[in-house]
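Take a look at the structure set out below.
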Amino acid sequence: VAIEGIDGCGKSLLAHNVYYQLKNLNKKVILTKEPGGTPFGEKVYTSLINADFMLSPEAEFLLFAASRAEHFDKVIIPNLLSESIILSDRMGDSSIVYQGYAKNQPTTMLTTINHWAMHTIQPAITFYVHIDINTALERIKQRNTALHIFEKKTFLEKTIQGFDALYHNRKDVIILDGTKDPIALAHQAVERILQHHE
Ligand code: TYD
């Protein structure tokens, strides 16, 4: 199960709430994330976040993809084999949106590399936590005041448009309203996961 959405949409909170609700139902479930999810992935994430130089979008994507390949090899595939429900806070589609739509890299090429890195495994369900630009900006402002707000706003708008375009008319994608009560959202997501799993 992939959980996707823009920065500030409440994706990580949803992932945690869904995880604990499934645990309470005695389901075998693991919670993981991208970027990160493995010791190598955490190193990649730290170097991307702390980079004091402008990385090319190609190099940026390849680092996310390398982290993803390691995540599939060490976490996703072994846990699929043990029949756990795997919840991942972001997955391949984040690259299609952030490096593809928002940073203008060719989405066909990124999709091909993603498939390879993910051993052609696709999430059974993707939850897209949707919020509008103003809610996102408001939440991000509460977390961090030192933002170049115009750049940030333009970028955020591109990522919203990217997710909206990518997830238009997709049967495997469930769109959740990220402004709703977080516990109710998690209930909704858990129901959909159980319907699929049983
Ligand atoms: P993170 O601190 O995990 O943010 P969030 O809680 O919003 O997920 O950092 C992830 C950042 O990396 C986020 O801005 C999205 C970005 N990202 C990409 O640009 N490409 C990717 O493939 C992934 C997985 C994340």
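Bear in mind these aren't lab numbers, they're just calculated from the coordinates by the rules spelled out. Computed from a predicted model, the values in this text were never measured in an experiment. Backbone-built Cβ (ideal geometry, glycine too); neighbour counts: all protein chains shown.
Based on Cβ point charges of +1 for Lys and Arg and -1 for Asp and Glu, what charge dipole magnitude is obtained for the chain about its Cα centre, in debye rounded to the nearest 20? Write down the numbers at each step before the final one.
On the way: 20 positive and 22 negative charges, 51 e Å.
The dipole magnitude comes to about 240 debye.
Antiparallel versus total DSSP beta bridges in the chain: what percent is that, nearest 5?
0
Please sort by residue number the chymotrypsin sites (Phe, Trp or Tyr not before Pro) in the stretch 1-109 whose DSSP state is loop and whose Cβ has at most 15 other Cβ atoms within 10 Å.
Those satisfying the criteria are Phe53.
State the percent of C-alpha pairs, over all pairs in the chain, separated by a distance greater than 21 angstrom.
Numbers: 10200 of 19503 pairs.
Considering the chain, 52 percent of its Cα-Cα pairs are separated by more than 21 Å.
List the relative contact order of the chain as a percent without decimals, with contacts defined as Cα pairs under 8 Å and 6+ residues apart.
34
Can you give the calculated 222 nm mean residue ellipticity of the chain, where each DSSP H run of n ≥ 4 adds -39,500 (n - 2.57) and the sum is split over every residue, rounded to the nearest 500 deg cm²/dmol?
-16500 deg cm²/dmol
Trypsin sites (Lys or Arg not before Pro), restricted to the stretch 92-198: which are DSSP loop and have at most 14 other Cβ atoms within 10 Å?
Here the sparse-neighbourhood loop sites are Arg170, Lys171, Lys180.
Can you bin the stretch 91-198 into rounded, prolate or oblate? Criterion: square roots of the alpha carbon gyration tensor eigenvalues sorted a ≥ b ≥ c, rounded for a/c under 1.5, prolate for a/b above b/c, oblate for the rest.
The shape class here is oblate.
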